[in-house]
Amino acid sequence: MIFSAFERMVAMRYLRARRQEGFISVIAGFSFLGIALGVATLIVVMAVMNGFRGELLGRVLGLNGHLNVYAAESGPLNGFDALAEKVRAVPGVLGGNPLVEGQALITVRGVASGAMVRGVRPEDFRSRPTLARNIVRGTIDAFAEDNVAIGLRMAQRLGLTVGDQITLIAPQGDVATFGTAPRMRSFPIGAIFATSMFEYDNAFVFMPLEPAQAFFNLGDGVSALELFVGDPLNMEQVRAAVTTAAGPGHRVMAWEQANASLFTALKIERTVMFLILTLIILVAAFNIISSLIMLVKEKGRDVAILRTMGASQGMILRVFFLSGASVGVVGTLAGLALGLAIAGNMETVGQLVGRLSGGGYSAEVAFLSHLPARIDWGEVVLVVVMGLALSMGATVYPSWRAARLDPIEALRYE
């Protein structure tokens, strides 16, 4: 055993301060609460950040390809069927779909609004769970021929429903005898989807591939070839293999590049939150130092007597180390239990807070109303180890001071 029974007994008695030493006990209690709340807060916040990132990532990847293959020069990508056959043979690539994408102006009863138009094959549209499972009006089978699908927010904003017509105006017009005429065409609405992602529900229009090719004047070409891979979070090797398989005349872009600013901001925010909340544990560790220094000063006479009775410096050091470390260890374990309990019931906690505050979520972040907390056990271990290290490290200096106490000087002033 590292600590003898005598050392454990003395350390526990020092933790139970007498009435005249009550202030020391109060500081130790605040140290315990500070470490417990710091550890619990770190676990909960990191779990919520993981849940937020996972939820956002799942929805972004559910509507966008993991890798996009474009023509090297600006312009349509021709021969996409042959290209798709080549890149589908790359290990790790699950499938590839042609995509037409472009901006357009949508007009309804004199009201104009910008829109992002995406042209996909009807079978590819039906194969995307994020869209297929979230059709709120109309049917998914209606997405065919010239029928388009729009988001619920756009439908509410423009007063549209299934069967209504929308007019799209392309940014580049057709060359006519007397100049450039705007290219515009009307499309009936066949389905309305609600992904709970405000940007998509408010601005995206999906249409079948062939009408999209004709609308943007791409001929037999497309804007890009969307690829889906098995592990979108680790696909550097797959990306390199796809680039090689596609050959010259093509460029490959990953979803991380298309959404770089968003996920970089999330990563920075997550790191900063971790560092800021670590300060809670650090403040509690300083409380341990102050309480132990006061305890050493208060127990100077006891230490001197123990030294004259034969206690070694190492024994005194271990007694005070155990007194301080006990607060840190118990506080860390209590914070671990509290943090896991809150993170494991985040849905209930969120609903309770929502009812007490009387508020709700805005449309822009509506998908957060049922955000799950995702516990990363590696991060939990890191938080626990950090809590234990800070709390134990805080006891080293006061324990060393107690061990170096001169018994003669301590008794002389008693």
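Among ILE305, ILE150, ILE288, which one moves the most in a GNM of the chain with springs linking Cα atoms closer than 10 Å?
ILE305
Set the Förster radius R0 to 45 Å, insert the Cβ-Cβ distance between GLU123 and MET273 as r into 1/(1 + (r/R0)^6), and round the FRET efficiency to 0.05.
About 0.60, to the nearest 0.05.
On C-alpha positions alone, give me the angle between the axis of helix 22-63 and the longest principal axis of the chain, in degrees, nearest 10.
10
Quick one: angle between helix 346-357 and the longest Cα principal axis of the chain, in degrees between 0 and 90, rounded to 10, please.
Helix 346-357 sits roughly 90 degrees off the main axis of the chain.
On a 0 to 90 degree scale, rounded to 10, what angle separates helix 260-298 from the longest Cα axis of the chain?
Relative to the chain, helix 260-298 is tipped by roughly 10 degrees.
Could you give the accessible area per residue of the chain, probe 1.4 Å, as a whole number in Å²?
51
Take the solvent-accessible surface of the protein heavy atoms, probe 1.4 Å, and return the percent of it on the chain that carbon and sulfur atoms account for.
61
Could I get the Rg over Rh figure for the chain? Both from C-alpha atoms, Rh via Kirkwood, rounded to two places.
1.23
What spacing in nm lies between the two simple spin-label points modelled at ALA389 and GLN257, each 7 Å away from Cα in the Cβ direction?
It works out to 3.7 nm between the two label points.
Using 7 Å Cα-to-Cβ label points, what is the ARG13/ALA214 separation (nm, one decimal)?
9.5
At MET116 and ARG404, where each label point lies 7 Å from the Cα along Cα→Cβ, what is the point-to-point distance in nanometres?
Those two pseudo-labels are separated by 6.3 nm.
For an R0 of 30 angstrom, estimate the FRET efficiency from the Cβ-Cβ distance between LEU333 and LEU266 and round to the nearest 0.05.
0.50
Run the numbers for ASP141 and MET309: contour at 0.36 nm per residue of separation, minus the present Cα-Cα distance, in nm.
The span from ASP141 to MET309 would gain 51.5 nm if fully extended.
So which residue, out of GLY314, GLY138, GLY331, gets the largest mean-square fluctuation from a GNM of the chain using Cα contacts under 10 Å as springs?
Largest GNM mean-square fluctuation: GLY314.
Using a Gaussian network for the chain with springs between C-alpha atoms less than 10 Å apart, which of these wobbles most: SER223, SER312, SER326?
It is SER312.
Figure the gain on full extension for SER290 and ASP231 (residue separation times 0.36 nm, minus the Cα-Cα span) and round it to one decimal in nm.
Length gained, SER290 through ASP231: 16.2 nm.
I want the local charge near PRO188. Using Cβ-Cβ distances under 10 Å, sum +1 for each Lys or Arg and -1 for each Asp or Glu among the other residues.
With Lys, Arg at +1 and Asp, Glu at -1, the net is -3.
Given the convex hull of the Cα atoms of region 202-315, what is a quarter of its surface area in nm²?
Numbers: hull surface 63.8 nm².
Mean shadow area of the hull around the Cα atoms is 15.9 nm².
The values are calculated or read from the model by the stated rules, or taken from the named source; none is laboratory data. Quick caveat: nothing in here was measured; it's all calculated off a predicted structure. Every residue, glycine among them, receives a Cβ derived from its backbone with ideal geometry; neighbour counts consider all protein chains shown. These accessible areas exclude ligands, DNA and RNA; they are computed on the full protein's heavy atoms, side chains included. Shrake-Rupley method; radii C 1.70, N 1.55, O 1.52, S 1.80 Å.
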